[in-house]
Amino acid sequence: MPKIKFTQRFLKSYAHLPASVKEKLKKQIALLSENPRHPSLQAKPIKGVIGIYEARVDQDYRMTYERVEPDTLILRVIGKHDETIRRP
C-alpha cells in the first residue's frame, strides 16, 4: 500500500470543493492508497507530461498525482476535469 502525501496546491484546491465532491474524494483516495490500479479510479498517465497520472473522482472531477518512490504517491491537484488536466 503506497503512502499518500499532499501538495499545498492540492490542499488549497480541496478547500474550495463542494462537500459532495469532498466525500467522493475521500473514498477515491482510500482506493488509491489500497490499490492504485483499482478500476473505479480509471487512473492513467497524462499525455505529454512524464510521471504524472490522473485519477477519476467522479464524472466531472479529477485528481492528479505522481509516484516518487515505489511506495509513495504525491497528490498534486483536484478539480474539474479539463482544468486539472491542463495544469496537472
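Overview of values
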item: Chain lengthening between E23 and R87 when straightened (0.36 nm per residue, less Cα-Cα); result: 20.7 nm
item: Amide H contacts of K5 (H built 1.01 Å from N, under 5 Å, at least 5 apart or other chain); result: L73, I74, L75
item: Dipole magnitude of region 3-86 about its Cα centre (Cβ charges: Lys, Arg +1; Asp, Glu -1), debye to nearest 20; result: 80
item: Computed E for A15/N35 - FRET, C-beta separation, R0 35 angstrom, nearest 0.05; result: 0.80
item: Trypsin sites (Lys or Arg not before Pro) restricted to DSSP loop in the chain with at most 12 other C-beta within 10 Å; result: R37, K47
item: Local electrostatic count at M63 - Lys and Arg +1, Asp and Glu -1, tallied over other residues with Cβ under 9 Å; result: +2
item: Largest-first principal axis extents, alpha carbons of the chain, Å; result: 32, 27, 25
item: Over the chain, relative contact order from alpha-carbon pairs under 8 Å, at least 6 apart, %; result: 33
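Any read-out appearing in this document is the output of simple, stated calculations on the displayed coordinates, not a laboratory observation. Bear in mind the structure is a predicted one, so any value in this text is a computation, not a measurement. Counting neighbours? That spans all protein chains shown, and the Cβs are built from the backbone with ideal geometry, glycine included.
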